[in-house]
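Beneath this line is the structure, given in structure tokens, with notes to follow.
The values are calculated or read from the model by the stated rules, or taken from the named source; none is laboratory data. Here the structure is a predicted model, which means the values were calculated and not measured. Cβ placement follows ideal geometry from the backbone for every residue including glycine, while neighbour counts extend to all protein chains displayed.
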Amino acid sequence: MMSPDYVVVIPTIGRPELQDCVDSLATAVGETAGLAQVVIVDDRRDTPEPLPVSLPPELAGRTIVVPLEGRGPAAARNAGWRAAAPAEWVVFLDDDVVVSPRWGTDLAADLAGAAPEAGGVQGVIEVPWDGGRPADSQRATLGLAGAPWITADMAYRRAALSDTGGFDERFPRAYREDSDLALRVMDLGWQLRRGNRRTRHPVPAARPWASLPAQRGNADDAAMRRLHGPDWRERAEAGRSRSRSRGRRRFHVAVCALGGTAVALGTAAVLGTGAPPRPRRWAALAATGWMALTTEFTIRRILAGPRSRREIAAMITTSAAIPPLAIGHWLAGWWRFRTSRPWPPPPAAVLFDRDGTLIRDVPYNHDPSLVEPMPGAAGAVAALRRAGIRTGVVSNQSGIGRGLITPEQAAAVNAAADRLTGPFGTWQICPHRPEDGCSCRKPAAGLIRSAADALGVTAAECVVIGDIGADVAAARAAGARAVLVPTATTLPGERAGVPCAATVAEAVDAILAGRRIPSWEGK
């Protein structure tokens, strides 16, 4: 069985571990034909110096570096897969992992064995440890060994990334953005599975105070609940590994409530206003409860760690600070995402196929009088214009290359379609025959990218609406989303795993409302 082609995307902030990652990748893939490209996304802030990495000969000719200027891991991964060479699969690696010597061979087997409905295949993450008690900051890394769908080593089909719009860039940290993508991929009907390739994630040195900035992850948990509902952990299998924060959050709320009550009653007793009977007694009881819970939390964290003087001092200090930080970040995340819609954001442009989508399909039409709009097409385009969304047309017209119609006749038909269903911001036409091997003819990405450039947007900001599989394939190759509006000419196999709408108007209504369009299997 032939291995599918793939690209490897490695976002980095310039950590020295990147060199070990690249060296291990070069050893693992060698000269394998499956690897189309390696994309290193340089996400350092304001760093004019070149990225401190030396590319091994096996990768030097197949690697590009994409600068990003500190936009965060979700944006870095998106920039990487969108800039990468066309390939069926995109394999994401963290910059601090080391792949096994057999990784390339095992990856090829994982991808070749993936069923058509598999949108992603995860590698096995190994976290070596000597068996001693890990420090508090190291336990999170140890939990990666069982974490589902994490991008330390995760392969996604490019089609699944295009359909979902990739990683949600509103997640600013390398936390929960992977679970969010996994849920959205599965919501579209794709399946995720685990492969057999192995990747090692070293445990970093202990950082005694790391638990304080780590509480920012509570904001991402709040966002996940907002975006995916209260059962998101079970659906994403997040409870298997990295976080017991749901149970801890109740504990943190209790600690904050007792501490706040003690402060409030104590203040009221001192001021002598608005105080309940015997305020000092109630304040003392609340303070005792706060102290008891905080002490239990501290002891539990100390016993789990190496119990060094430095670690014990950090645990005593941070155990008092964690509950209010955790709840504060949770509330901030809940508020920030209170009106958020699921990723991706509304498109900047919608690109239409011509024949069978905007107008009825008349093979090799050279007569403008035969142009007849598809039902609802003109109203759908008008609705997009009213919403401020740009529109364009991308159409294969091989009749020109075959000598069956002239360029002037094709332009006249386009003008008639523009009058009846437009106007459109750009018309992008491929005149070539299939055997010409051009880069513009759908299912290649050329028309989509040219239309996006003409409209002043990126392909990732576009949705393509068409009636056959070539329209969908072109959109996905360019990194755009696609919606299929099937007609009598649409083959059944072209609908599989593709968001489908009954009419152009239905597709546009869903786009404007921010509704997810289900795949054909779900209809």
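Assess whether ASP168 counts as being buried (at least 20 other Cβ atoms within 10 Å of the Cβ) and in a loop (DSSP other than H, G, I, E, B).
Against the criterion (buried (at least 20 other Cβ atoms within 10 Å of the Cβ) and in a loop (DSSP other than H, G, I, E, B)), ASP168 qualifies.
Here the helices (runs of 4 or more DSSP H) wholly within segment 424-521 that include at least 3 residues being more than 30 Å from GLU408 (Cα to Cα) are 492-495, 504-513. Filtered by the rule that a residue be in a helix (DSSP H, G or I), out of contact with any Phe, Trp or Tyr (no Cβ under 9 Å at 6 or more places or on another chain) and more than 14 Å from SER340 (Cα to Cα), segment 216-237 gives TRP232, ARG233, GLU234, ARG235. As for segment 214-224, it holds at least one residue that is surrounded by fewer than 18 Cβ atoms within 10 Å (Cβ to Cβ) and modelled with pLDDT of 90 or more. Just name the residue that is modelled with the highest pLDDT out of those in segment 12-48 that are in a loop (DSSP other than H, G, I, E, B) and polar (S, T, N, Q). The residue in question is THR47. Somewhere in segment 240-260, is a residue more than 22 Å from ALA321 (Cβ to Cβ) and of a type in the set (Gly, Ala, Ser)? Yes: one or more hits. For segment 378-398, the criterion of being more than 30 Å from ALA510 (Cα to Cα) and either assigned by TED's automatic domain parsing to the domain that holds ILE468 or not in a helix (DSSP H, G or I) (or both) is met by at least one residue.
So that you can scan it fast, the table gives a plain yes or no per residue for (1) among the hydroxyl-bearing types (Ser, Thr, Tyr); (2) farther than 17 Å from ALA159 by Cβ; (3) touching a strand residue (DSSP E or B) at 6+ places or on another chain (Cβ under 6 Å); (4) not assigned by TED's automatic domain parsing to the domain that holds LEU161:
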position	(1), (2), (3), (4)
THR47	yes, yes, no, no
VAL53	no, yes, no, no
PRO56	no, yes, no, no
VAL66	no, yes, yes, no
GLY80	no, no, yes, no
VAL90	no, no, yes, no
LEU93	no, yes, yes, no
ASP106	no, yes, yes, no
VAL127	no, yes, no, no
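Select, from VAL371, VAL362, the only residue that is without any contact (Cβ under 8 Å) to a residue 24 or more places away in the chain and closer than 30 Å to ARG441 by Cα. The unique qualifying residue is VAL362.
Residues checked against (1) in contact with a Cys (Cβ under 9 Å, 6 or more places away or on another chain); (2) within 30 Å of PRO172 (Cα to Cα); (3) of a type in the set (S, T, N, Q):
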{"position": "PRO279", "(1), (2), (3)": "no, no, no"}
{"position": "ALA283", "(1), (2), (3)": "no, no, no"}
{"position": "ARG307", "(1), (2), (3)": "no, no, no"}
{"position": "ARG310", "(1), (2), (3)": "no, no, no"}
{"position": "ILE322", "(1), (2), (3)": "no, yes, no"}
{"position": "TRP330", "(1), (2), (3)": "no, yes, no"}
{"position": "TRP335", "(1), (2), (3)": "no, yes, no"}
{"position": "PRO347", "(1), (2), (3)": "yes, yes, no"}
{"position": "ARG360", "(1), (2), (3)": "no, no, no"}
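When every residue of segment 188-206 is checked against the conditions, at least one turns out to be in a strand (DSSP E or B) and among the β-branched types (Val, Ile, Thr). A single entry from ASP136, ASP130 fulfils the requirement of being more than 22 Å from the chain's Cα centre (by Cα), buried (at least 21 other Cβ atoms within 10 Å of the Cβ) and at pLDDT below 90: ASP136.
In segment 134-144, the condition of being more than 30 Å from ARG495 (Cβ to Cβ) and among the acidic types (Asp, Glu) is met by at least one residue.
Would you call GLN409 touching a residue at least 12 places away in the same chain (Cβ under 8 Å) and either crowded, with 22+ Cβ neighbours inside 10 Å or in a helix (DSSP H, G or I) (or both)? Let's see the steps before the verdict.
Values: touching a residue at least 12 places away in the same chain (Cβ under 8 Å): yes; either crowded, with 22+ Cβ neighbours inside 10 Å or in a helix (DSSP H, G or I) (or both): yes.
Yes: the conditions hold for GLN409.
The residues of segment 49-78 that are surrounded by 16 or more Cβ atoms within 10 Å (Cβ to Cβ), of a type outside the set (A, V, I, L, M) and not in a loop (DSSP other than H, G, I, E, B), listed by number, are GLU58, THR63, PRO73, ARG77, ASN78.
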